[in-house]
Every structure is written in C-alpha cells, then in structure tokens.
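The values are calculated or read from the model by the stated rules, or taken from the named source; none is laboratory data. Computed from a predicted model, the values in this text were never measured in an experiment. A quick note on method: Cβ atoms are made from the backbone with ideal geometry, for glycine too, and the neighbour counts reach across all protein chains shown. What goes into the accessible areas is simple: the full protein's heavy atoms, side chains included, and nothing from ligands, DNA or RNA. Shrake-Rupley method; radii C 1.70, N 1.55, O 1.52, S 1.80 Å.
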Amino acid sequence: MNLPQTPAVFFSLIAIVFLLGVGASSAVYWLIVLPDNQIQIASADAPILPHAEEPPAHEVADTNEVASSIQSSISDVRNLDDLKRIESAFEQGLALRILLADSSEAQTAEFLAQSENMPSNSFRLSLQTAIVQRLAQFNPKRAVAHLRELGSQSYPGRYIPSIFHEWSRSNLDEAIAHARTMSNDWKESALRAIVQERTDLSEEVLLSIARDLGHEQIAVAAITQQKIEDAIGNPEKAWNELVVDMQNDPQQRWSISRVASAWVEQDGLSVLDQISQSLTNAELRQTVVRNVLYEVVRHDPEGAFRYALTLESDPYNSTIKSMMSTWARLDPRSALVAASEVEKSSLRRELEKEAAESWAQKEPRKVLEGINVLPEHAQENAVASAIGRIANNSPKEAAVLVAGMDNGPAKLSAASLVASTWTYQDHEAALDWILNEPAIEALRAQMLRSVMFRLVQIDPQLAMDTALSQPIEKGEGGMWPGMGEVGMELNVITSLAFSDLDKAIELLPQVREGPTKVQAFSMVSGAMIRNGDVDAALNMVQQFSESERAGLYTAIAGAWTAHDPEGMLNSMDRFPSKEVKSKAAAMLVSMNRFQKNLTDEQVEKAKKFLLEEDAEALEKGQEGMIELFRGF
C-alpha cells in the first residue's frame with residue numbers, strides 16, 4: 001500500500017476526509033491516496049494567499065504525533081482481517097479506503113466475497129458499502145452482478161443506491177438502460193439514487209426518466225423534497241406554503257417531519273400544537289409529532305417527555321417510553337424522579353422500568369452497586385440489562401454475575417444476553433459455559449436455542465453435534481405444533497435451509513428419527529422447491545416410512561403452492577394418492593383467495609381433485625383450513 005511518507009501530507013489527507021465526512025464523494029474516497037509523485041501541493045502559478053497565523057508549537061507537535069500514530073496503526077493493513085485490530089472507527093474506515101484504493105477490481109471483488117464471513121452486522125455493512133462503491137467506480141454493471149452473488153443475509157439490494165449514485169454521474173444513459181432490466185424493487189432503488197444524485201437535471205428530464213422506469217411518483221417526490229430543502233431556512237413559510245397541501249402523500253412524510261423539526265428548533269416546542277392542529281391526516285399527525293419529539297429529546301429531554309405525556313394517542317406508550325429512555329441515558333436521576341411523579345400507576349411502573357434499564361445500559365456497574373435505590377419492581381430488569389451491557393466487554397465477569405442471580409425471567413434474560421454476546425466473541429468459550437455451568441443448568445436448553453443460529457453460521461457441524469447431545473424435550477413441539485417432541489437439531493437444519501441448503505442436505509441424515517426428522521425434511525424440501533428443484537424434494541420422500549410420507553407430500557405441496565402454483569396444478573399426477581392430491585388442491589384453492597395466481601378455469605380444475613370432506617372444510621373458511629391440516 002502506498003501511503004504518504006510525510007506526517008504533514010498524511011495528516012492533510014486525514015483532515016480532508018474528516019471535514020468532508022466518511023460518506024463524501026468517490027473522488028475523496030479514492031483520490032486522496034495517490035503516489036507521491038502525483039501529489040501537487042501548490043502550483044508555481046497559484047496565487048499567494050494571505051499569511052495565516054501559525055499555530056502554537058505544542059499544537060503542531062500534538063498534530064504530528066496524532067498523524068504519526070494513525071499512520072502507524074493503518075500502515076500494515078493488507079486484508080479485511082487486519083482491519084479488525086484497529087479500534088478507532090475513523091481509522092478503520094480510512095484504512096479500508098486506502099486498502100481499496102490500492103486494490104485491483106479482482107481484488108476488490110474478492111474482498112466483497114470475504115466480507116460475508118464477517119461476524120458483526122454493522123462491520124459487514126460498513127465494509128460492503130465501501131467495497132461496492134469502489135466496484136462501481138471500476139465498472140457499475142459488473143458491480144451489480146457482484147451484488148447478485150451475495151447471500152440474502154447481506155441484503156444486497158440495499159447497495160444498489162451506492163452503485164447508481166456513481167453510475168448516474170459517469171454514464172446516465174447506460175445507468176437508465178441497465179435499471180430497466182432489473183427487478184422492480186432494485187429498479188425503484190436505482191431510480192431513487194438517480195433522481196437524488198442528479199439534482200442538476202431539470203424537472204422535466206427527471207420526470208421523463210421516472211416514467212421510463214415506471215415510477216413517476218418517485219421523481220415527483222424527489223422534486224418536492226428538493227423544493228422543501230430550498231425553503232427550509234424559513235420553516236414556518238415552508239410549512240404554510242408547501243407542506244400542508246402534501247400531507248396525504250405518504251412519500252413526503254420524512255420531508256414534512258423535517259420542516260416541522262426545523263420550525264420547532266427555531267421557535268420552540270410551543271409551535272408543535274400549531275403544527276399538529278394544521279394536519280388533518282390523523283396518522284400523519286401522530287408520525288410528525290413523534291418524529292419532532294425524537295429530535296427535541298436530544299437537547300430538551302424533559303420538555304419532550306412532558307409534551308409526550310399530553311399526547312392523546314400513543315399506542316403502547318411507545319413515544320413516552322422512548323422519551324424516558326433517552327432522558328435516563330442523559331440524566332438518570334432526574335428521569336427517575338419524573339417517572340415517579342406520573343399519576344397513572346401502570347404507566348408510572350413502565351416508565352420507572354424504562355428509566356432503570358436505560359441507566360443500567362449507561363452505567364451498569366454503578367447501577368448494580370446501588371440497585372436498592374431503584375424501585376423494587378424495576379430492579380430485576382435493571383440487573384439483567386446491566387449484566388448484558390457488561391458482557392459486551394467482559395463476558396466472563398458477566399457470567400459470574402449471572403451465576404449469582406436468583407432463578408427467574410431476569411436471570412434468563414441476562415444469561416441469554418451474555419451467551420449471545422459471548423458467542424460472537426468466542427463461541428467455544430461461550431458454548432463451554434452454557435454446557436457446563438451448574439448455575440444455569442435449568443436455562444441450558446433456552447440458552448442453546450438463543451445461540452444456535454450463530455453457531456450454525458460459524459461451524460454447522462459443531463452446532464449439529466451440540467444439538468444432538470441434548471435430549472429431545474417433552475412438549476417442545478417445534479415449528480409445527482401438534483407434531484410431537486422434536487430435537488434441537490431442527491433449529492440447525494432450519495437455519496441452514498435458508499442459508500446453506502447443500503449443508504442442510506448433508507446433515508439431514510444425522511437428524512434423529514421421528515417427528516424431528518419429518519419436520520427437518522419439511523424445511524429442506526421447502527427450500528428445494530423455492531430453488532426450483534422439485535424432483536429432488538419428491539425423491540427425498542422415499543427415505544421415510546409409508547406412514548410418514550403423506551405428511552411430507554403435504555409439506556412439499558405447501559411450499560410448491562407458494563412458489564409455483566400453476567406448475568403444481570399441472571403436475572398433480574406426481575402425488576401418489578387421492579388424499580394427498582386433495583390436500584394439495586385445497587392449498588391451491590385457499591391460496592388463490594388471497595393471491596390471484598390462478599385463473600377461474602384453473603381453480604375449477606384444482607377443485608376436481610378435492611375429496612368431499614376437504615371440499616366441505618374449504619367451505620368453512622379459515623376454521624375449516626385449520627382443521628384440514630391439523631397434524632401436518
């Protein structure tokens with residue numbers, strides 16, 4: 001990696017990134033890091049600027065020391081794993097961009113593939129965002145192709161805007177042409193990026209592009225939002241002239257809330273009543289008031305909380321509790337006093353619990369030391385919250401604290417938090433604790449289920465071995481109530497069926513016989529059907545006893561109905577009995593009442609396969625369908 005060799009130049013580059021933000025334009029991302037012979041500090045013909053006052057010597061020394069420290073921490077980054085050792089988010093982001101700037105397109109594509117194995121969702125998101133932006137600079141079309149190779153856990157569609165922001169600048173016509181070929185949701189994301197990025201284009205051109213891509217309203221919304229942005233300096237005027245007339249447009253809710261927040265910031269909470277009264281759309285009124293309060297609470301938590309108490313509509317007290325939670329993080333003692341003064345006893349208890357838990361998140365050890373100062377009914381949840389917070393940095397300490405808790409919901413909550421957090425940091429140590437700590441023996445099954453998804457991601461065979469070591473619990477019932485007792489390996493197979501089907505098929509023979517294996521097959525066969533491999537799913541049925549096969553065929557029919565109802569209707573002869581064909585037909589007819597995938601003629605064709613008792617069940621509606629498939 002070619003890094004600037006002098007602290008002064010290096011720090012200048014850091015300063016540019018800091019001032020413009022990590023999310024600055026691609027030019028800043030990649031062009032700030034250039035070979036030494038391309039860095040031009042000044043031209044001989046450049047005008048001489050007025051002499052700036054020199055900073056004190058100690059500030060220069062401090063600056064050079066910081067620059068040198070940052071350069072040292074990121075200079076050895078050669079791959080994504082090297083980024084993990086950098087604690088500073090700023091330095092980590094800078095190192096990533098320098099690494100990508102020095103990488104070829106093939107290397108960058110490889111980084112994208114490797115990023116899927118990163119355990120932290122937030123870290124993976126930041127990695128993939130920067131990597132996709134870099135790929136878009138190389139070749140936007142190939143960048144889109146790389147997104148299609150990402151697993152569903154990465155939500156690849158969310159990176160489409162990153163590509164089209166870049167593409168709409170480099171080659172607008174090509175970007176539009178490619179957007180036409182994409183699925184509807186990706187096309188919408190691409191269009192939003194285009195109209196957001198190309199604000200230099202006229203309204204007529206933006207509307208034309210949106211019509212071309214079949215979503216004119218997206219451009220209309222973007223144009224309106226830009227008008228609001230232009231008028232935001234005078235929020236009262238913007239509200240009266242622009243906002244009130246657009247309140248029935250769902251796409252403008254964010255803009256409306258933004259104007260309202262700006263007005264309240266300028267004139268105070270007293271104008272919020274006026275804002276609320278001017279909105280005739282009740283749903284929008286609630287949304288805007290909540291959004292404004294979420295902004296106000298950051299600098300005036302007491303005022304936001306007092307106003308929230310006056311709301312006529314606040315389902316589940318969600319807004320009031322949010323205000324209390326924020327206030328408790330800023331000033332826990334004052335928040336608790338305010339909560340204790342609320343007249344309604346049920347709400348008062350809720351708010352005291354909310355304040356205590358928020359305080360525990362901020363100062364966990366202090367809360368544990370002084371737990372008795374909290375209201376008694378708020379203590380258990382506060383302890384669990386505090387221990388969970390401690391687990392982030394010291395899972396072993398948190399585990400000791402859990403062992404000392406009395407059995408109950410709070411202990412289960414705290415133990416689950418510790419187990420989940422520890423599994424992300426050191427899954428073997430976490431698993432050893434869960435399996436061998438006597439103090440949590442009664443919670444073991446629940447805790448294992450809480451970490452099983454993560455274990456499957458890390459080591460599927462270890463997850464399977466662990467699940468098989470546990471007894472089949474009575475009354476577990478699995479995902480299909482009424483199927484009896486099932487083993488924990490069903491959780492493993494279910495997770496793999498959605499993330500790694502080949503591995504799920506490989507591990508399926510290890511599943512214990514009985515209801516567990518039947519349900520595991522249902523999950524795997526459903527995934528096969530979704531992948532279009534009907535033959536493989538049907539062939540797998542032969543592995544089971546005759547008495548189990550009817551239920552398995554019914555499970556296949558359910559997945560097939562959801563994925564390709566017409567294809568199943570045309571393949572009814574592949575089901576072995578009249579009873580199974582009848583159940584499959586019932587699914588087709590019932591599903592078509594909600595999703596019109598079949599024509600009236602096709603529905604009549606399906607009804608010909610119905611046995612009398614199944615036809616009668618269909619006539620009873622939902623109650624009949626529940627009875628029809630009870631036990632499957």
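Taking 0.36 nm per residue of separation and subtracting the Cα-Cα distance, full extension of the segment from Glu312 to Asp535 would add 74.5 nm. Start at zero, step by 5 Å, and the Cα-Cα distances of the range 127-208 spread as 3, 16, 30, 26, 15, 7, 3, 1 percent across the bins.
Just the protein heavy atoms count here, and of the accessible area of the range 243-322 at 1.4 Å, carbon and sulfur take up 45 percent.
Rolling a 1.4 Å probe over the protein heavy atoms leaves Ser208 with an accessible area of roughly 60 Å².
Charged neighbours of Leu412, selected by a Cβ distance under 14 Å, balance to -1 (K, R count +1; D, E count -1).
For the range 75-113 versus the range 254-279, the spacing of their alpha-carbon centroids is 43 Å.
Label separation (Ser122 vs His563): 3.7 nm, computed from points 7 Å beyond Cα along the C-beta direction. Shape of the range 212-251 from its Cα gyration tensor (a ≥ b ≥ c, root eigenvalues): rounded if a/c is under 1.5, otherwise prolate when a/b > b/c, or oblate? Cα axes put the range 212-251 in the oblate bin.
The three principal axes of the Cα atoms in the range 504-574 give end-to-end lengths of 35, 24, 16 Å, sorted in falling order. Total lysine pairs in the range 284-367 at Cα distances under 16 Å, for residues eight or more apart or on different chains: 4. The relative contact order of the range 176-247, computed from alpha carbon pairs under 8 Å that lie at least 6 residues apart in sequence, is 24 percent. The residues of the range 486-632 expose, per residue, 49 Å² of accessible area to a 1.4 Å probe.
Taking all protein chains together and a 1.4 Å probe, the residues Asp230, Asp535 rank Asp230, Asp535 from largest to smallest accessible area.
The largest-to-smallest principal axis extents of the Cα set in the range 485-617 are 44, 28, 23 Å. For Lys353, Lys187, the ranking by accessible surface with the largest value first comes to Lys353, Lys187, using a 1.4 Å probe.
For the range 235-323, the square roots of the Cα gyration tensor eigenvalues, ordered a ≥ b ≥ c, give a/c of at least 1.5 with a/b no greater than b/c, which places it in the oblate category. His299 exposes around 140 Å² of accessible area when a 1.4 Å probe is run over every protein chain in place.
Using C-alpha pairs below 8 Å separated by at least 6 residues, the relative contact order for the range 501-611 is 21 percent. Within the range 73-122, the trypsin sites (Lys or Arg not before Pro) that combine a DSSP coil assignment with at most 11 other C-beta atoms in a 10 angstrom radius are Arg78, Arg85.
Other residues within the sphere of radius under 11 Å centred on the Cβ of Arg444, judged by their own Cβ, net out at -2 (K and R +1, D and E -1). Subtracting the Cα-Cα distance of Glu485 and Arg365 from their residue separation scaled by 0.36 nm leaves 39.0 nm. Taking GluC sites (Glu not before Pro) across the range 113-221, the ones in a DSSP loop with at most 14 further Cβ atoms lying within 10 angstrom of their Cβ are Glu116, Glu149.
Accessible surface for the range 176-283, divided over its residues, is 50 Å² per residue with a 1.4 Å probe. Give the accessible area for Met323 in Å² (nearest 10); use a 1.4 Å probe, count only protein heavy atoms, and leave out ligands, DNA and RNA. Surface open to solvent at Met323 totals about 0 Å². Sorted largest first, the principal axis extents computed over the alpha-carbon atoms of the range 337-453 equal 48, 24, 24 Å. Taking the inverse of the mean 1/r over every pair of distinct Cα atoms in the range 263-376 gives a Kirkwood hydrodynamic radius of 14.7 Å.
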